[in-house]
1. Straight-line reach from residue 28: which aspartates and glutamates have Cα under 16 Å away, leaving out those fewer than 8 places along the same chain?
2. What distance in nm lies between label points placed 7 Å from Cα along the C-beta direction at residue 57 and residue 146?
Amino acid sequence: MNSNLLLGMASLSPGNSFANSDKDRIMKLATLYPHEFSGSKLEELDNYILFVKEDNDFSNLKGLGDLSEILVEIDLYKTWRLVFLLVKLSLILHVVTVTVEIVFSPMKYIKNDLRSSIDDEFLNDCLICYIEDEVFESVPNDAIIDCFQNKSSRRVQL
């Protein structure tokens, strides 16, 4: 699956005047998103590949970001709606991957060998506090102490 994903994204790339364009690889990429694409919906792919290889507006593009910009600028994102969706999904994939890695990094930090017995609910609570630290920094410590102290009786006042 990872190979199909990466090869499909590379086939969409406009580098070297779309030298890596491969309809079969793009079709495999589309099959990874079955809710958005069916076999009959990508009939526009042949026309798209021919057009972008011949049109001068697409000759000096560096990456998928440039491709998406030019498709919007010359109003072709509506004409090749499904190809444009594949380009957007390819661009978003990097952001989603980084977001997942950002979440797992604190989880490794919080749930280390010393805390391997943490149950899921407590781990989730710790992760929320760690990941959303900007929100929690805006809450004064006195408010947290008062809230905690009022929850039940304590042997010692904080």
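Since every read-out is calculated from the coordinates, none of them should be taken as a lab result. All figures in this text were calculated on a predicted structure; none of them were measured in a lab. Reconstructed Cβ throughout: ideal geometry from the backbone, glycine too, with neighbour counts over all protein chains shown.
1. The qualifying aspartates and glutamates are 36, 43, 44, 46.
2. Here the answer is 6.1 nm between the modelled labels.
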